[in-house]
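A.B. asks: Below is the structure I would like to discuss, written out as structure tokens.
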Amino acid sequence: MSTKNPTYELGVAKARPTSVQEIVDFIITQAIRSKASDLHLGLTTAAPGGPVTYMLRFRVHGKLQMVRTEVLGGSQKEILSRLKVLANLSTTDIGNPQDGQINMNTPEGSLVLRLSFVPTPDGEEVVIRVQRAQKIPALDHLGMTKEMHQAMVSLSQQKSGLIVINGPAGSGKTTTIYSLLTSLACAERKIITAEDPVELRLPFVSHTAVGKNTSFAQLQKAFMRQDADVIFIGEVRDIESAEAAVQLAQTGHLVVTTLHTRDALGVIPRLEAFGIHPNFIASTLVGSLAQRLIPRLCTHCRAEVTYDAATTTYMNSILPMFAGAKLFKPGPGCTNCAAGFMGRIPIYELLAVTPQVSDLINRKASQKELLDVAVENGMLSLGQEALLRVYSGHIDFESVKTYLVV
């Protein structure tokens, strides 16, 4: 089967779709109009042992929302097959996971749908990530504080070392990484990447894709002979790729990669869990950036709120409230937003590995010791960063409690 994905022209959505093609176009159109980041076509049951039916959900501003399913018309399996055809995947293989993409032209511009099919005992499910064409923001436009941006620039100018961007799926890591690579890309610097998949192509960057026969670790070993200055590894997934990343960082390369950890300090025990000795972590790790995306309050309908004394005392114990701060909660919703929220806003936590921090890693210091020193050096925790946005009226405290342990 060819791996080339032609561009699909999205048809005009009919109010009452009948054919499978019309239903697929209708669902995608509704997702685009809702500004959904993901579509979930999955299975559910009303009660244990009860009949299994399909449900359709959109993730909007970070939250899943149910969508009416009568439009599916009992054609769920045919819809999945249609999506597989558009993504150039096997329609007969329903017992194994499959990933693919659909390049699409729409009235609102071009976009890419990334599809992930998984088998379940009752049938297949699919999750579709909607990636809209967008300009990569400059590093100083990501929403970092001025001090954090300057620290990131300083770290990225290192000749060698390991920079880790961490956070759960959907926390904005890809945007941060591409912004960082764009800031470094020039004719005088060789940048090479190993990605799964290659999501964007940047000038002066050599992109390589992880495939069925190539792993991150295999590509990393090949990069040793590429005379690279900067190497981006999509993800450290196992012992082999962790060892390769550290080896590259030790041999004169600036390595940028990702991990799934709770906070910036979590990178250290995670690398140790992959078998990396603390001495090697101390000598290679130069920075760790943790991030999350929090729903942004709609400025048109947000409502001012006053919390009780216990809550404000708790907030002040994490980050003292500055003079003139106003606290808000989501409004009822308006024509500018979805249920009181309008997009999402990033928050960050940056650990810069100073000689003092490096010494603590070498000595296998506790996480509390590391945190205390990092805070003394000026690091703000994710909770403190979040409260800065709460006090500025951009997000609400309830959303902070939902997404973070503050």
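The values are calculated or read from the model by the stated rules, or taken from the named source; none is laboratory data. Everything numeric in this text was worked out from a predicted model, so none of it was measured. Quick reminder, even Gly has a Cβ in these numbers, built from the backbone with ideal geometry, and neighbours come from all protein chains shown.
A.B. asks: Any idea how many residues of segment 366-399 are surrounded by 17 or more Cβ atoms within 10 Å (Cβ to Cβ) and either outside any helix (DSSP H, G or I) or outside the structural domain of Q157 (by TED's automatic domain parsing) (or both)?
C.D. replies: Residues meeting the conditions: 6.
A.B. asks: Looking only at segment 344-378, count every residue that is touching a Gly at 6+ places or on another chain (Cβ under 9 Å) and of a type in the set (G, A, S) and tell me the total.
C.D. replies: Adding up the residues that qualify gives 1.
A.B. asks: Follow-up question, since we're still on this one. Just to verify a result, which residue in segment 327-351, among those that are assigned to a strand (DSSP E or B) and small (G, A, S), is surrounded by the most Cβ atoms within 10 Å (Cβ to Cβ)?
C.D. replies: The residue in question is A338.
Per-residue answers, yes or no, for (1) surrounded by 16 or more Cβ atoms within 10 Å (Cβ to Cβ); (2) touching a residue at least 60 places away in the same chain (Cβ under 8 Å):
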residue	(1), (2)
H40	yes, yes
T53	no, no
S75	yes, no
N88	no, yes
P97	no, no
S110	no, yes
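A.B. asks: Name the one entry in Q65, Q30 that is in a helix (DSSP H, G or I), modelled with pLDDT of 85 or more, within 25 Å of the chain's Cα centre (by Cα) and not basic (K, R).
C.D. replies: Selected residue: Q30, the only one of Q65, Q30 that is in a helix (DSSP H, G or I), modelled with pLDDT of 85 or more, within 25 Å of the chain's Cα centre (by Cα) and not basic (K, R).
A.B. asks: For segment 202-252, which positions are crowded, with 24+ Cβ neighbours inside 10 Å and either among the charged types (D, E, K, R) or out of contact with any helix residue (DSSP H, G or I) (no Cβ under 8 Å at 6 or more places or on another chain) (or both)?
C.D. replies: L219
A.B. asks: Taking G324 as meeting all but one of (1) modelled with pLDDT under 90; (2) surrounded by 21 or more Cβ atoms within 10 Å (Cβ to Cβ), write down the number of the exception.
C.D. replies: (2)
A.B. asks: Mind checking which residues of segment 127-186 are part of a helix (DSSP H, G or I), touching a strand residue (DSSP E or B) at 6+ places or on another chain (Cβ under 6 Å) and among the hydroxyl-bearing types (S, T, Y)?
C.D. replies: Of everything in segment 127-186, just one residue is part of a helix (DSSP H, G or I), touching a strand residue (DSSP E or B) at 6+ places or on another chain (Cβ under 6 Å) and among the hydroxyl-bearing types (S, T, Y), namely T176.
A.B. asks: Here is a check on your reading of the model: is T257 of a type in the set (S, T, N, Q), in contact (Cβ under 8 Å) with a residue 12 or more places away in the chain and in a strand (DSSP E or B)?
C.D. replies: yes
A.B. asks: Please find, among L139, L200, L180, the residue that is modelled with pLDDT of 95 or more, within 21 Å of the chain's Cα centre (by Cα) and not hydroxyl-bearing (S, T, Y).
C.D. replies: Only one candidate passes the filter, namely L180.
A.B. asks: On the basis of being farther than 30 Å from L41 by Cβ and outside any helix (DSSP H, G or I), does T193 make the cut?
C.D. replies: Yes, satisfied.
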